[in-house]
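A.B. asks: Below is a structure I'd like to ask you about.
Derivation of every value follows stated rules applied to the coordinates shown; laboratory data play no part. Computed from a prediction, not measured in an experiment: that's the story for all the values here. Reconstructed Cβ throughout: ideal geometry from the backbone, glycine too, with neighbour counts over all protein chains shown.
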Ligand code: HEC
């Protein structure tokens, strides 16, 4: 737990101001329990997610779908096969779009 908090604090210290609001949204939405920007926690590092999907035409749609409905099997090599839980409707669609944009912009 200490390591997760340290990773989240470090991640927030290194992102530029406009991204802070999005990181705050991620925190409020509960994402940072399993993710950090630069390091694998339970889920993959969001920088690795950005690197994997960047430049793909359907990148945003893919991430929106994974956040809304959950995801399983895309990151088994990193996570050992742990699934990501669905976040819709706990997180509003507009916020899911913002989170997908934020992650792809890393
Ligand atoms: C309970 C832990 C947990 C929480 C909380 C969590 N995730 Fe994840 N996330 C995961 C795991 C595990 C994976 C890898 C799933 C897979 O292998 O397909 C993942 C994968 C992802 C991916 C990549 C999906 C893909 O299609 O490749 C994104 C984007 C993501 N999470 C964003 C978020 C956001 C945004 C939130 C908060 C709304 C969040 N996660 C909350 C565990 C979590």
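A.B. asks: List 84, 20 from most exposed to least, where exposure is judged by having the fewest other Cβ atoms within 10 Å.
C.D. replies: Final ranking by Cβ density, sparse to dense: 20, 84.
A.B. asks: For the peptides 54-60, 74-80, 43-49, what is the packing order when you average, over each peptide's residues, the other Cβ atoms within 10 Å and list the highest mean first?
C.D. replies: Working: 54-60: 11.3, 74-80: 13.7, 43-49: 20.3.
Going by the mean number of other Cβ atoms within 10 Å, highest first, we get 43-49, 74-80, 54-60.
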